[in-house]
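To start, the structure itself, in structure tokens.
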Amino acid sequence: MTESAPHLERPPPDAAARIELGLFASRVAALCEEMGALLGRTAFSPNIRDRLDYSCAAFDASGALLGQATHIPVHLGSMAYAMGPIAGSRDWQPGDLLAVNDPFRGGTHLPDITLIAPAFVEDRLVGFCANRAHHADIGAEAPGSMPVSTRLEQEGVLIPPTLIGDRGGWRQDVFHGLLAQLRDGQAALGDFSAQAAANRLGVRRLEALAAGAGRAKFQAQVDDLQAYGERLARDTLASLPAGSFTFEDRLDDDGAGTRDIPIVVTLTIDGRGGVQVAFDGTAVQVRGNLNCPLPVTVAAVTYVFRCLMPEHVPVCAGIFRPLEITAPEGSLVNARPPAAVAAGNVETSMRVVDVVCGALAQALPERIPAASQGTMNNLALGRLGETGWDYYETLAGGMGAGPRLPGANARHSHMTNTLNTPVEVVERHYPLRVERYAVRRNSGGAGRLRGGDGVERVFRFLEDASLSVIGERRRNAPWGLNGGQPGLPGRCRLDDEILPPKCERAVRAGQRLEVLTPGGGGFGVVETPGGDHS
């Protein structure tokens, strides 16, 4: 549960103060973008280097979000929610480097490893820089570290908040003990080093920003930014129609026998700048790995409401204070440990976006689009052993059409903001051949404005390997709006076998895997030449 913070009664900034706040917010965002550029250019693994499966952000001394790069919403929103307790958990020292991936103590799922570094001016803590990156190898029971799991321990190495570096270097006993648990310690060392270098750069930039202003003025700018962000957010939310709006959607299955799993949301908009978001009626946590830690759910909700706000609103903790988010403990979207969570981060988060959008569409039919593909189409391939390999990818799909525009084709949408793995990178690094990569034509839902099309991607295995698939929208198609038709569901096929949405298979050299991703929903009724509607 999150509670609305008290409204900060600060006078509205004048024009000069707004300009100064805008510059301050832009400088913080710029240092986060610079962190990301360094991380992406120096990482070793294709998933981080080529797919850009990482995110960077900066926080104040209390752990409140100051700014972020335009990276991955599920990473950023969950970090913003979880940083407060981590920031207050220890006596930080210059040069410290903390790692965490525990989903119930600030993480999302185990492959996402977060590194956090403090910033100091005149021996006083002024803030933090953090980044989160998805490691294809986190020591899971299946290659790619995305198994069809039923227990958290099957998903890999669990890292509670752990100091892996101090005084600017690695704590050799702790850090190398962690690397020893992974299959490719050298590649992991390269990725960790890239993450650490990105944080060091961010810390230097944040310290320079604070030192240049002076500690007192810097803290005043931090407080003013949070108050200004909150004020702008409340202004946006106050413009929404007051009322209560409920929407339900369903996940296909959890891979462990539970099907058609409901997620229910009720939005209560008070008309004065506050919104309650309640998930009462959502399924209890399941045996499979679709369970969400609460920070992931919060990330999905806050993403949707940030999209409603004008572009100039700074992304900081203040803009989320008007939201009160509640979810029953032990439910699918507020799971208790030791629930399996590998797919909650990637699949359930997407459905949370869909239900919040579905509820908002009742209040704002002229602004909200139909459902996008609603899945990340997780594909993990590889082989265990000393000469093993790990490949992980999420695949794009169709976006939902909206009141003014058709859906875009072949896009990563909503909670993911990564790239594809280029065909050349796949074939250079892995024993795989990509035989087809194309837009899946006519997979978007029909409507006055058509939903976007998904993609087709066909792999040929060049050696024996293991395959894990975690996908959604294979049975429950992405819905249309205002009479628009649903997009086509997705499908995975191994030779002639249609695969279940969540499955693991041993594959042989020469076998062919075809992945068809869902199209987006259409918007509006199709008008026929005779004036009839269909």
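The values are calculated or read from the model by the stated rules, or taken from the named source; none is laboratory data. If you're wondering where the values come from, they're calculated on a predicted model, not measured in any experiment. Note that each Cβ is placed from the backbone with ideal geometry, even for glycine, and that neighbours are counted across all protein chains shown. In case anyone asks, the SASA skips ligands and DNA or RNA and just uses the protein heavy atoms, side chains included. Shrake-Rupley method; radii C 1.70, N 1.55, O 1.52, S 1.80 Å.
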**OP:** Could you look through region 316-332, keep only residues that are in contact with a Ser or Thr (Cβ under 9 Å, 6 or more places away or on another chain) and in a loop (DSSP other than H, G, I, E, B), and pick out the one that is surrounded by the fewest Cβ atoms within 10 Å (Cβ to Cβ)?
**Re:** P328
Original post:
Would a scan of region 375-389 turn up a residue that is at pLDDT 95 or above, out of contact with any Asp or Glu (no Cβ under 6 Å at 6 or more places or on another chain), within 17 Å of G454 (Cβ to Cβ) and in a loop (DSSP other than H, G, I, E, B)?
Top reply: yes
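Return yes when T418 is of a type in the set (S, T, Y) and either at positive phi or in contact with a His (Cβ under 6 Å, 6 or more places away or on another chain) (or both) and no when it is not.
Numbers: of a type in the set (S, T, Y): yes; either at positive phi or in contact with a His (Cβ under 6 Å, 6 or more places away or on another chain) (or both): yes.
Yes: the conditions hold for T418.
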Original post:
Inside region 149-178, can you point out the residues that are out of contact with any Ser or Thr (no Cβ under 6 Å at 6 or more places or on another chain), under 29 Å from L290 (Cα atoms) and buried (at least 16 other Cβ atoms within 10 Å of the Cβ)?
Top reply: S149, T150, L152, Q154, V157, L158, I159, P161, T162, L178
Original post:
Quick check: is even one residue across region 271-281 on the phi > 0 side of the Ramachandran plot and either of a type in the set (A, V, I, L, M, F, W, C) or open to solvent by 50 Å² or more (accessible area, probe 1.4 Å) (or both)?
Top reply: yes
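Of everything in region 94-117, what is among the acidic types (D, E) and surrounded by fewer than 24 Cβ atoms within 10 Å (Cβ to Cβ)? Give them in sequence order. Lay out the reasoning, then the answer.
So in region 94-117, the residues among the acidic types (D, E) come out as 96, 102, 112.
Residues satisfying the conditions are D96, D102.
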Subject >> Selection within region 353-388 - among the polar types (S, T, N, Q) and open to solvent by 10 Å² or more (accessible area, probe 1.4 Å) >> reply: Q362, T387
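Look through D123, D112, D102 and report the one residue that is charged (D, E, K, R) and in contact with a Ser or Thr (Cβ under 9 Å, 6 or more places away or on another chain). Steps first, please.
Details: D123 fails: in contact with a Ser or Thr (Cβ under 9 Å, 6 or more places away or on another chain); D102 fails: in contact with a Ser or Thr (Cβ under 9 Å, 6 or more places away or on another chain).
Unique residue meeting the criteria: D112.
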Subject >> E9, sole failed condition from (1) of a type in the set (D, E, K, R); (2) part of a helix (DSSP H, G or I); (3) at pLDDT below 95 >> reply: (2)
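Report yes if some residue within region 382-400 is in contact with a His (Cβ under 6 Å, 6 or more places away or on another chain), in contact (Cβ under 8 Å) with a residue 12 or more places away in the chain and within 23 Å of R460 (Cα to Cα); otherwise report no. Walk me through it before giving the result.
Our first condition is that a residue be in contact with a His (Cβ under 6 Å, 6 or more places away or on another chain); within region 382-400, this holds for 396.
Remaining after also requiring in contact (Cβ under 8 Å) with a residue 12 or more places away in the chain: 396.
After this cut, where a residue has to be within 23 Å of R460 (Cα to Cα) as well, the list is 396.
Within region 382-400 (the criterion being in contact with a His (Cβ under 6 Å, 6 or more places away or on another chain), in contact (Cβ under 8 Å) with a residue 12 or more places away in the chain and within 23 Å of R460 (Cα to Cα)), the answer is yes, since at least one residue qualifies.
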**OP:** Please go through region 147-179 and pick out each residue that is among the aliphatic types (A, V, I, L, M) and either touching a Pro at 6+ places or on another chain (Cβ under 7 Å) or free of Cβ contacts under 8 Å to residues at least 40 places away in the same chain (or both).
**Re:** L152, V174, L179
Subject >> Residues that are open to solvent by less than 40 Å² (accessible area, probe 1.4 Å), closer than 16 Å to P46 by Cα and not acidic (D, E), drawn from region 389-418 >> reply: W389, Y391, Y392, T394, L395, T418
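Any chance you could count how many residues in region 218-252 are among the charged types (D, E, K, R), open to solvent by 20 Å² or more (accessible area, probe 1.4 Å) and more than 30 Å from V126 (Cβ to Cβ)?
Taking region 218-252 as the starting set, the residues that turn out to be among the charged types (D, E, K, R) are 223-224, 230-231, 234-235, 248-250, 252.
Retained after the next criterion (residues that are open to solvent by 20 Å² or more (accessible area, probe 1.4 Å)): 223-224, 231, 234-235, 248, 250.
From what is left, the residues that are more than 30 Å from V126 (Cβ to Cβ) are 248, 250.
Within region 218-252, residues that are among the charged types (D, E, K, R), open to solvent by 20 Å² or more (accessible area, probe 1.4 Å) and more than 30 Å from V126 (Cβ to Cβ) number 2.
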Original post:
Of the conditions (1) at pLDDT 95 or above; (2) within 24 Å of A208 (Cα to Cα); (3) in contact with a strand residue (DSSP E or B) (Cβ under 8 Å, 6 or more places away or on another chain), D91 fails just one. Which one is it?
Top reply: (3)
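Can you give me the number of residues within region 419-430 that are among the hydrophobic types (A, V, I, L, M, F, W, C) and open to solvent by 80 Å² or more (accessible area, probe 1.4 Å)?
As a first pass, look at region 419-430 and keep what is among the hydrophobic types (A, V, I, L, M, F, W, C): 419, 423, 425-426.
Filter once more, so that each one left must be open to solvent by 80 Å² or more (accessible area, probe 1.4 Å): 419.
So the answer is 1.
Pull up region 302-315, narrow it to residues that are of a type outside the set (F, W, Y) and not in a loop (DSSP other than H, G, I, E, B), then point me to the one that is farthest from L225 (Cα to Cα). Show your work before the answer.
Going through region 302-315, the residues of a type outside the set (F, W, Y) turn out to be 302, 304, 306-315.
Next, from what is left, pick out any that are not in a loop (DSSP other than H, G, I, E, B): 302, 304, 306-308.
On the way: T302: 18, V304: 21, R306: 16, C307: 19, L308: 19 Å.
Within region 302-315, the match that is farthest from L225 (Cα to Cα) is V304.
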Original post:
Within the set of pairs 6 or more residues apart or between chains, which connect a residue that is more than 16 Å from Y392 (Cβ to Cβ) inside region 422-437 to a residue that is assigned to a helix (DSSP H, G or I) with Cβ atoms less than 7 Å apart?
Top reply: R433/E427; Y437/V423
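From the set of residues in region 204-216 that are among the charged types (D, E, K, R), out of contact with any Leu (no Cβ under 6 Å at 6 or more places or on another chain) and at pLDDT 95 or above, which is most open to solvent (accessible area, probe 1.4 Å)?
Residues of region 204-216 that are among the charged types (D, E, K, R), as a first pass: 204-205, 207, 215.
Imposing the further condition that a residue be out of contact with any Leu (no Cβ under 6 Å at 6 or more places or on another chain) reduces the set to 204, 207, 215.
Okay, now just the ones that are also at pLDDT 95 or above, so 204, 207.
Details: R204: 131, E207: 52 Å².
My answer is R204.
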**OP:** Only one of these is closer than 25 Å to L163 by Cβ and under 16 Å from the mean Cα position of the chain (by Cα): A82, A43. Name it.
**Re:** A82
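May I ask you to say which residue of P295, P337 is in contact (Cβ under 8 Å) with a residue 24 or more places away in the chain and part of a loop (DSSP other than H, G, I, E, B)?
Checking each option against the conditions leaves just P337.
Of everything in region 74-93 that's hydrophobic (A, V, I, L, M, F, W, C) and crowded, with 24+ Cβ neighbours inside 10 Å, which residue is farthest from H414 (Cα to Cα)? Walk me through it before giving the result.
Of the residues in region 74-93, the ones hydrophobic (A, V, I, L, M, F, W, C) are 74, 76, 79-80, 82-83, 86-87, 92.
Okay, now just the ones that are also crowded, with 24+ Cβ neighbours inside 10 Å, so 74, 76, 79-80, 82-83.
Working: V74: 9, L76: 12, M79: 17, A80: 17, A82: 20, M83: 22 Å.
Applying the filter and picking the extreme gives M83.
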Subject >> Selection count, region 16-54, where residues are among the hydroxyl-bearing types (S, T, Y) and either in a helix (DSSP H, G or I) or surrounded by fewer than 24 Cβ atoms within 10 Å (Cβ to Cβ) (or both) >> reply: 2
Original post:
Only one of (1) of a type outside the set (A, V, I, L, M); (2) within 20 Å of A343 (Cα to Cα); (3) out of contact with any helix residue (DSSP H, G or I) (no Cβ under 8 Å at 6 or more places or on another chain) is not met by D123, so which one is it?
Top reply: (2)
